[in-house]
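K.L.:
The structure under discussion is supplied below as C-alpha cells; questions concerning it will follow.
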2 protein chains.
Amino acid sequence: MLNCAIIGGGPAGLTAGLYATRGGLKNVTLFEMGMPGGQITQSSEIENYPGFFEHDKTGMDFMDTWQKQCFYFGLKHEMKKVERVAKTGEHFTITLEGGESVEAMTVIVCTGSTPKRAGFKGEDAFFGKGVSTCATCDGFFYKNKPVTVLGGGDTALEEAFYLSNICSDVYVVHRREEFRAAPPTIERVMRKENIHLVTNSFIDEVVGNVMGVTGVNIKNNNGEITHMDNTGLFVFVGHNVNNSVLKDEKGEFICAMNDWGQVIVDLSMKTSVEGLFAAGDMRIQAPKQVVSAAGDGAVAALQVIAYIQEQS
Amino acid sequence: MLNCAIIGGGPAGLTAGLYATRGGLKNVTLFEMGMPGGQITQSSEIENYPGFFEHDKTGMDFMDTWQKQCFYFGLKHEMKKVERVAKTGEHFTITLEGGESVEAMTVIVCTGSTPKRAGFKGEDAFFGKGVSTCATCDGFFYKNKPVTVLGGGDTALEEAFYLSNICSDVYVVHRREEFRAAPPTIERVMRKENIHLVTNSFIDEVVGNVMGVTGVNIKNNNGEITHMDNTGLFVFVGHNVNNSVLKDEKGEFICAMNDWGQVIVDLSMKTSVEGLFAAGDMRIQAPKQVVSAAGDGAVAALQVIAYIQEQS
C-alpha cells in the first residue's frame with residue numbers, strides 16, 4: 001500500500017513528491033509516463049520563476065535541478081499510465097494501463113492541462129520557440145515589439161490586453177467577424193490603441209529559422225496572405241484539462257469539478273473526497289505558472305502528511 | 001499614484017513585484033524597511049525550494065538571485081515603514097512613518113508573521129543555526145538524529161509528530177504538566193514510540209559553536225538541569241501575524257480576518273476589500289513555505305493586473 005500516489009510529473013507533482021518524502025513519508029510514488037518536468041520543459045527560456053534567472057538556460061535546463069532534488073529524498077517514479085483513480089472504502093485504487101492496480105492511502109492528482117493546438121503550419125516545430133500559449137510567461141520577451149495573438153474568446157482578448165501593456169502592438173487574428181468574448185472585454189480591447197483586430201482571418205503558417213520564429217503569414221477568408229515580420233505568436237484556442245483519471249468506469253467524475261472540468265479545491269488543495277488532493281493547472285482558478293503549481297504541490301503534500309497522521 | 005503598492009519584502013512581496021512589473025505594470029513600489037528577502041535569509045541552509053539544491057549555500061545566498069531578478073523589471077524599493085493602509089474612495093492611501101502618504105490603485109499586503117521567541121539563553125545567537133521555528137523546513141537536517149521541541153500547544157505537538165517520522169527521537173519540552181493541544185493530538189503523540197514528553201521543564205540554554213547548536217540544557221521545575229547532546233531545537237511558542245498595517249486609526253481591521261489575525265483570502269488572494277490582496281504567511285491556511293508564499297505573490301500580482309485592466 002502506498003502512503004501517497006502522485007499522478008503527474010510537472011512542477012506540482014515533483015514538488016509534492018519532494019515535500020512528502022522530505023517530510024518522512026515512505027512509499028510515495030510519482031506516476032508519469034515520460035520524463036518528469038511538465039510543460040515548462042518545452043520552453044526555450046524562463047525568467048519568472050523566482051531564484052532562476054539565467055538567460056542562456058532552457059526549460060529543460062531549469063528542470064534539471066528539480067529532477068535531482070525532488071527524487072533525492074526517496075520519491076519513486078513509475079513510468080506507467082494511470083487509467084483511473086477510485087476510492088474503495090478508506091483508501092484508493094489506482095488502475096494502471098493494462099489492468100494492473102495499486103492501492104494508496106492518499107492521492108495527489110496533478111495531471112495539468114494541455115493547450116489546444118490550432119493546426120497551422122509550423123505550429124509544432126516552433127512551439128516554445130516563438131509560438132507560445134502563455135502571455136504571462138513569454139510576453140516580456142517581446143517588450144516593445146509587435147506580437148500576434150490567435151483566438152477570439154475571453155482568454156485570447158484578456159491575454160491580448162495583458163500583452164498590450166508590454167508589446168508595441170498586438171494583432172489579434174480571429175477567423176470570424178464577431179468575437180466570442182464578454183462584451184465589456186471586447187469594448188476594453190477596442191479602446192486600447194495598440195491592439196489591432198484582424199478578423200475573418202487565420203494563421204496560415206509560422207515561419208522561422210534555428211533561432212525561432214521570425215514572422216507569421218496571416219490568410220484572410222478571401223485567401224490573401226499578409227506576412228508579419230519580427231513577431232511572436234500567442235495561441236489561445238483553449239485548453240484541455242487532463243482530468244480523465246478522475247472519471248469512473250461510467251465516465252462520471254469521482255470528485256466535484258467546475259463546468260470547465262477543473263477540480264474544485266480549497267486553499268489546502270483538498271477536493272470533495274477525503275484523502276484526494278489536486279494541485280497545479282488542473283484545479284480551479286489555476287494561474288498556470290510554475291511557481292504557483294509548485295506552491296500547490298507543497299501544500300498538498302503537507303496536507304497528505306497531516307491526513308495520514310490523523311489516521312494513525 | 002502607484003498602480004500597485006506591495007507591502008513587505010519577503011518571497012511573496014518580491015514575487016508579486018516580479019510578476020506585476022514583468023506584466024507591464026508601471027509605478028509598482030515595494031515597501032520594506034530593510035533589505036528584502038524575508039525570514040529565509042536567517043536560515044543557514046535550504047533544500048526544499050524546488051530548483052535550488054546547493055548544500056553549501058545559505059538563505060542569504062538563496063535570496064541573492066531573487067534581488068536581481070525581482071527588481072530587474074522596474075520594481076521600485078522604498079525603505080520606509082508603512083503605518084497604515086486605508087481605502088479612500090476608489091483607491092488606497094498608504095500612510096508612512098512620519099505622516100507622509102502615498103496613493104495606490106491596488107495594494108498587496110505580505111508582511112508575513114514573526115515566530116515568537118521563548119527567551120532562553122542562546123536563542124537569538126543560534127536562530128537559523130540549529131534553533132528553528134519550522135519543522136517542514138529544517139526537520140530533514142536531523143534525519144535519524146534526536147531533536148528537542150519546545151512548546152505545548154497544537155502546533156508544537158503536530159510538528160513533533162511530523163519530526164517523529166524523520167528523526168530518531170523527539171523530546172517535547174513543556175513547562176507545565178498538561179498540554180494545551182486538542183485531546184486527539186495529545187493521544188496520537190502519546191502513542192508514538194519515539195516521542196518523549198518532558199513536562200514541567202523549560203529550555204535553560206542552547207549551546208553550540210561556530211558550526212551551530214551542539215546541544216540544549218533542559219531545566220525542570222526543581223532546578224535540575226539535563227544536558228541533551230547532538231540535538232536541534234525546534235521552538236513552537238506561537239507566531240505574531242504582522243497585520244498592524246491593516247488596522248485603521250481606531251484599531252479596527254479594514255478587511256475580514258480570522259480569529260488568529262490572519263487575512264481571509266480566496267484562491268486568488270483577494271481579500272474582502274476590492275483591490276486589496278494578501279499573500280504569504282499572513283493569510284489564512286498559509287503553509288509558511290517559501291515556494292507557497294512565492295506562488296501567492298504571483299497570483300496576487302496577476303489579479304492586480306486583471307483588476308486594473310477592468311478599471312480601464
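The values are calculated or read from the model by the stated rules, or taken from the named source; none is laboratory data. It should be emphasised that the depicted structure is a prediction, and the values quoted were computed from it without experimental measurement. Cβ coordinates were reconstructed from backbone atoms using ideal geometry, including for glycine residues, and neighbour counts include every protein chain displayed. The area values use the complete protein model at the heavy-atom level, side chains included, leaving out ligands, DNA and RNA. Shrake-Rupley method; radii C 1.70, N 1.55, O 1.52, S 1.80 Å.
K.L.:
Where in chain A are the helices, taken as whole DSSP H runs, whose Cα atoms extend 18 angstrom or more along the long axis and whose Kyte-Doolittle mean reaches at least -1.0?
P.N.:
Once both thresholds are applied, what remains is A:59-72, A:290-311.
K.L.:
Enumerate the amide H contacts of B:Leu2 below 5 Å, restricted to partners 5 or more residues apart or on another chain; note that Pro and chain-start residues carry no placed amide H.
P.N.:
HN-HN under 5 Å from B:Leu2: B:Glu103, B:Ala104, B:Met105.
K.L.:
What's the total accessible area buried between chains A and B, using a 1.4 Å probe, rounded to the nearest 100 Å²?
P.N.:
4600
K.L.:
Can you give the mean number of other chain Cβ atoms that lie within 10 Å of the Cβ atoms in peptide A:283-294?
P.N.:
Partner Cβ neighbours, averaged per residue: 6.
K.L.:
May I ask you to compute the full-extension gain from A:His91 to A:Thr199, defined as 0.36 nm times their residue separation minus their alpha-carbon distance, rounded to one decimal in nm?
P.N.:
Between A:His91 and A:Thr199, full extension yields 33.6 nm more.
K.L.:
Continuing with the same structure: Keeping every protein chain present and rolling a 1.4 Å probe, give me the accessible area per residue for segment B:131-235 in Å².
P.N.:
Per-residue value: 45 Å².
K.L.:
Taking amide H atoms as placed 1.01 Å from N in the peptide plane, list the residues 5 or more away in sequence, or in a different chain, whose amide H sits under 5 Å from that of B:Val241.
P.N.:
Hits under the 5 Å cutoff: B:Thr114.
K.L.:
Using a 1.4 Å probe on the protein heavy atoms, what percent of the accessible area of segment B:131-235 belongs to carbon and sulfur?
P.N.:
Result for segment B:131-235: 48 percent of the exposed heavy-atom area is carbon or sulfur.
K.L.:
In whole Å, what are the extents of chain A along the principal axes defined by its C-alpha atoms, from largest to smallest?
P.N.:
Cα extents, longest axis first: 66, 42, 35 Å.
K.L.:
What relative contact order, as a whole-number percentage, does chain B give when Cα pairs under 8 Å and 6 or more residues apart are counted?
P.N.:
Value for chain B: 21 percent.
K.L.:
Using a 10 Å cut-off on Cβ to Cβ distances, tally the other chain neighbours for every residue of B:40-51 and report the average as a whole number.
P.N.:
What the average comes to for B:40-51 is 5.
K.L.:
Distance between Cα centroids, segment A:190-218 to segment A:51-118: provide it in whole Å.
P.N.:
So the two Cα centres are separated by 35 Å.
K.L.:
Another question, then. 5 Å is the cut-off here: which amide hydrogens, built 1.01 Å from N in the peptide plane, fall below it relative to B:His77, excluding neighbours closer than 5 in sequence?
P.N.:
B:Leu30
K.L.:
Just the number, please: Stokes-Einstein D of segment A:131-235 in µm²/s, Kirkwood Rh from C-alpha pairs, 37 °C, 0.692 mPa s.
P.N.:
Taking Rh from Cα pairs, D becomes 243 µm²/s.
K.L.:
Okay, moving on. Which peptide among A:300-311, B:156-167 comes first, and what is the full order, when sorted by highest mean count of other Cβ atoms within 10 Å?
P.N.:
Packing order, densest peptide first, comes out as B:156-167, A:300-311.
K.L.:
Output the peptides A:29-39, A:251-261 sorted from most to least packed, where packing is the average of other Cβ atoms within 10 Å over each peptide's residues.
P.N.:
The densest-packed peptide leads the list: A:29-39, A:251-261.
K.L.:
Quick check: pseudo-label points 7 Å beyond the Cα along Cα→Cβ at A:Asn221 and B:Glu224, how many nm apart are they?
P.N.:
Computed distance between label sites A:Asn221 and B:Glu224 equals 9.2 nm.
K.L.:
OK, next. What lysines does A:Lys143 reach when the alpha-carbon gap must be under 27 Å and sequence neighbours fewer than 8 apart in one chain are set aside?
P.N.:
Here the lysines satisfying the reach criterion relative to A:Lys143 are A:Lys57, A:Lys116, A:Lys121, A:Lys129, A:Lys192, A:Lys219, A:Lys288, B:Lys26, B:Lys68, B:Lys76.
K.L.:
Sequence gap at least 6, Cα distance under 8 Å: using those rules, report the relative contact order of segment A:131-235 to the nearest whole percent.
P.N.:
The value is 30 percent.
K.L.:
So which residue, out of A:Ala182, A:Ala135, A:Ala12, gets the largest mean-square fluctuation from a GNM of chain A using Cα contacts under 10 Å as springs?
P.N.:
Highest fluctuation among the options: A:Ala182.
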